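Read the structure below first, then the notes.
The values are calculated or read from the model by the stated rules, or taken from the named source; none is laboratory data. For clarity, every value in this text was computed on a predicted model and none was experimentally measured. Positions of Cβ are backbone-derived with ideal geometry, glycine not excepted, and every protein chain shown enters the neighbour counts.
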Number of protein chains: 2
Amino acid sequence: MFEVEAGIVSGEETGRQGSREPAASAKGRRRATIRDVARACGVSTATVSNALAGKPHVKAQTREAVERAAVELGYRPSAAARGLSSRTGRTWSVGLVVGDIENPVVPKIVRGAEEILWANRTSLVLCNTDFQQDKKMAYVRALIDRDIDGLILVSHIFNDMEARAISLSDLPLVTVNRMNDQWQADYVGIDNAAGTRAAVDYLTGLGHRRIGYIKGLNTSTAAQARFDGYLSGIAAAGGDTDPALVIQGDYTQESGAIAARQFMALSDRPTAIVAGNDLMALGVLGALRDLDIAVPNEVSVIGFDDIHMSAHPLINLTTVHFPQHETGAMAARLLLRRINEGPDDLPRSVVLPPQLIVRGSAGVPPRRR
Amino acid sequence: MFEVEAGIVSGEETGRQGSREPAASAKGRRRATIRDVARACGVSTATVSNALAGKPHVKAQTREAVERAAVELGYRPSAAARGLSSRTGRTWSVGLVVGDIENPVVPKIVRGAEEILWANRTSLVLCNTDFQQDKKMAYVRALIDRDIDGLILVSHIFNDMEARAISLSDLPLVTVNRMNDQWQADYVGIDNAAGTRAAVDYLTGLGHRRIGYIKGLNTSTAAQARFDGYLSGIAAAGGDTDPALVIQGDYTQESGAIAARQFMALSDRPTAIVAGNDLMALGVLGALRDLDIAVPNEVSVIGFDDIHMSAHPLINLTTVHFPQHETGAMAARLLLRRINEGPDDLPRSVVLPPQLIVRGSAGVPPRRR
DNA sequence: AAGCAAATACTAAACGTTTTAATTTTTGAC
DNA sequence: GTCAAAAATTAAAACGTTTAGTATTTGCTT
């Protein structure tokens, strides 16, 4: 399946030396500690700590000497020791729990969060759960063991029991894309119902009345809200409420393709299909191409999310834009805020507005035969 | 731009209580320490540590008691304290440095690595550098401060000076996709030259002789190798070596589109275009669609990477498959191996084979006018 | 030249583990 | 019962920081 080649050894041999001196061993120098710096400039570790932290009550001259010695020795404080010691014990790291990093919306959210976190010298521990309960729990436990400062959950929540089991009580927490009725946490997401509603309104405005909908996984509140938007749009326009027009998907491209075939097999086909996300919409487009059904002339298609590929000239999908980058950034901002402010202030919700992006996959319905 | 709604406060007020008892404060119980467990079953911390670590020389009865008390109190060892103490001081976390998490190949690599790391109880600190030198350096420094056990660099390397500056000497290191002549590290990647060569051979086999190539960023050894494969393929088939047939791109879709327009403006157009990656190939396809040039009837297009979208019926891109998941997984395996074995064994290189995936974007060249 | 406050620096404890070396307890043979 | 060996446990010393609390120096006032 693959080749393993012997690599090239560059530079000197790494032979072991007999001595076990802590000063400098065969394999590179031991990392300098604060004590080394203190010793180097004849001063106590406390002074080094204060000097380097920019605390007052340190003579300018001493501070300089310490700083010089620190760079000289290449001293860098150990994050672990810091996290342990300080009364305010921050580890400057947060957990980011996602279901599937390969879902195109996720990297954009991650990127948005990373940007803000990086600017605040906080590092990001990425956890991919495959949407498995136990993996999620195990990951969060590991994160708590690591004393992370906070947690961002993308499309995940905890039920009451889980939250209790991992004694989540005072961990700063932000949920993205998934409302949490049971547990107290900040939230950031979009108005999903309004998004789908805009899509449906656009279609009914074009004259469509028979509109199919492909639902996302029903474990998610977002999926439900998007569906609600569909229902309200259909109701408002007096559209067709045939139950055969709603198919359950699972947010994957394949499930979109399957649903499309199912719709097209109907004796009374829908003239338009709205998908719960772009990935399923892409599946629809693919299936329709395979079936040689023209988009939008025979069937209109609208997605949700506005992933990168939807804008490609060969795809050209009309869709509802979900501000992924901003969502991630906002989640990070809320989290840092809560980490700094403590648990005292009320949980906040930030609801970003979705926006219909009109491209070429939706048009007027075909004339009735 | 967005609405901020006051959240709903659930449950009891979080008013401060006067007392400052360490036992149980207003904001949830303090985390149980090993000392608490020890006290709870009248035993020393050393015994608790040994019992929980499954060390020998602990009476079965004691072990049971300790285990019971541990779960009872919800005791979980602090990772930070662990990393600090133990002689073998492992933190069970590694850094993963990528240039751009939004590039579709990256999440798959990340996912592959995550899978292996998770199975080995190691967590993953994600760093997104935007390919900026200073951000890369700062991130790595932060990682080293965190005492990570090892580092995976995706499409990044260090030059000698950088490596020295962060005293990288004994940090287990795996580079992905980018050979490193100066510094000693494990490597995993694919045979890029062979990949492009296969693509070019396929095209020349179909009769193409005038084949355009869009190079990736020339800072990368992978980009160079892919280009070398093109050159050797052209040479082997006696193809056209017009320098106008090679255009420098930057791995983005936009640069692919620009290059395509440039090729099509030529008086003597190429009959086929090979792109250094799929993203640029998608740009080519988009531009050709905009120009109303048929693929593959007028121009054939081949990409490199085989990102998810390339398989979509509307894209249907012939491309060279780069085993992204396996690459990430292998990188993690190599890293864990080196972490466990220590720096003594020779650096290894794993070279995975690329594979030409024939889809619909390449065909026989149009008949000469 | 003494006295005193401010400025500076230091000592020691704390953070939560693991590990070493020492100590106590148990076991089993005589 | 005695004693050595084996087993179980423990006290104490790390690990590398930060931070109270305390001690020293400095510089100014009388």
Screening A:98, A:106, A:66 for residues that are more than 7 Å from chain B (Cβ to nearest Cβ), crowded, with 16+ Cβ neighbours inside 10 Å, within 16 Å of DNA strand C (Cβ to nearest atom) and not aromatic (Phe, Trp, Tyr) leaves only A:66
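For residue B:106, state whether it is of a type in the set (A, V, I, L, M) and touching a residue at least 24 places away in the same chain (Cβ under 8 Å).
So residue B:106 fits the description; yes.
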Which one of these does residue B:83 not meet: (1) within 30 Å of residue A:126 (Cα to Cα); (2) crowded, with 19+ Cβ neighbours inside 10 Å; (3) more than 11 Å from chain A (Cβ to nearest Cβ); (4) within 13 Å of DNA strand D (Cβ to nearest atom)?
-> (3)
Exactly one condition in (1) over 23 Å from the mean Cα position of the chain (by Cα); (2) of a type in the set (Asp, Glu); (3) under 26 Å from residue B:228 (Cα atoms) is not met by residue B:292; state its number.
-> (3)
Does residue B:73 satisfy the condition of being more than 8 Å from DNA strand D (Cβ to nearest atom), touching a residue at least 24 places away in the same chain (Cβ under 8 Å) and away from chain A (no Cβ under 11 Å)?
-> no
Total residues in segment B:69-80, condition more than 8 Å from DNA strand C (Cβ to nearest atom) and either of a type in the set (Val, Ile, Thr) or surrounded by fewer than 21 Cβ atoms within 10 Å (Cβ to Cβ) (or both) | 4
Restricted to segment B:96-111 and to residues being out of contact with any helix residue (DSSP H, G or I) (no Cβ under 6 Å at 6 or more places or on another chain) and assigned to a loop (DSSP other than H, G, I, E, B), the residue farthest from residue B:308 (Cα to Cα) is B:99
Which residues, taken from segment A:121-138, are touching a residue at least 24 places away in the same chain (Cβ under 8 Å) and facing another protein chain (nearest Cβ under 8 Å)?
-> A:121, A:123, A:124, A:125, A:126, A:127, A:128
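Among the residues of segment B:149-173, write down those that are β-branched (Val, Ile, Thr) and either in the same structural domain as residue B:217 (by TED's automatic domain parsing) or modelled with pLDDT of 95 or more (or both).
B:152, B:154, listed by residue number.
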Given the conditions (1) surrounded by fewer than 18 Cβ atoms within 10 Å (Cβ to Cβ); (2) within 8 Å of another protein chain (Cβ to nearest Cβ); (3) more than 12 Å from DNA strand D (Cβ to nearest atom), and given that residue A:118 satisfies all but one, which numbered condition is not satisfied?
-> (1)
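Only strands (runs of 3 or more DSSP E) wholly contained in segment B:273-369 count here; list those with 1 or more residues that are more than 10 Å from chain A (Cβ to nearest Cβ).
B:300-305, B:318-321, B:355-357
Within the bounds of segment A:336-353, is there any residue that is within 20 Å of residue A:251 (Cα to Cα), at pLDDT 95 or above and in contact with a helix residue (DSSP H, G or I) (Cβ under 8 Å, 6 or more places away or on another chain)?
Within segment A:336-353, not a single residue is within 20 Å of residue A:251 (Cα to Cα), at pLDDT 95 or above and in contact with a helix residue (DSSP H, G or I) (Cβ under 8 Å, 6 or more places away or on another chain).
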Hits in segment B:86-95 (condition: within 16 Å of DNA strand C (Cβ to nearest atom), in contact (Cβ under 8 Å) with a residue 24 or more places away in the chain and more than 10 Å from every other protein chain (Cβ to nearest Cβ)) | B:90
Determine if segment B:30-44 includes at least one residue that is at pLDDT below 90 and either not assigned by TED's automatic domain parsing to the domain that holds residue B:136 or not β-branched (Val, Ile, Thr) (or both).
-> yes
Quick one: which helices (runs of 4 or more DSSP H) sit completely within segment A:34-95 and have at least 2 residues that are over 31 Å from the mean Cα position of the chain (by Cα) and over 23 Å from residue A:172 (Cβ atoms)?
-> A:34-40, A:45-53, A:60-73
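Condition check ((1) surrounded by fewer than 24 Cβ atoms within 10 Å (Cβ to Cβ); (2) assigned by TED's automatic domain parsing to the domain that holds residue A:209; (3) without any contact (Cβ under 8 Å) to a residue 24 or more places away in the chain) across all residues:
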| site | (1), (2), (3) |
| --- | --- |
| A:239 | yes, yes, no |
| A:244 | yes, yes, yes |
| A:248 | yes, yes, no |
| A:254 | yes, yes, no |
| A:280 | no, yes, no |
| A:294 | yes, yes, yes |
| A:300 | no, yes, no |
Hits in segment A:156-211 (condition: over 26 Å from residue A:93 (Cβ atoms) and among the aromatic types (Phe, Trp, Tyr)) | A:202
Quick count over segment B:178-193, residues being in contact with a strand residue (DSSP E or B) (Cβ under 9 Å, 6 or more places away or on another chain), buried (at least 20 other Cβ atoms within 10 Å of the Cβ) and either of a type in the set (A, V, I, L, M) or modelled with pLDDT of 90 or more (or both), is 7
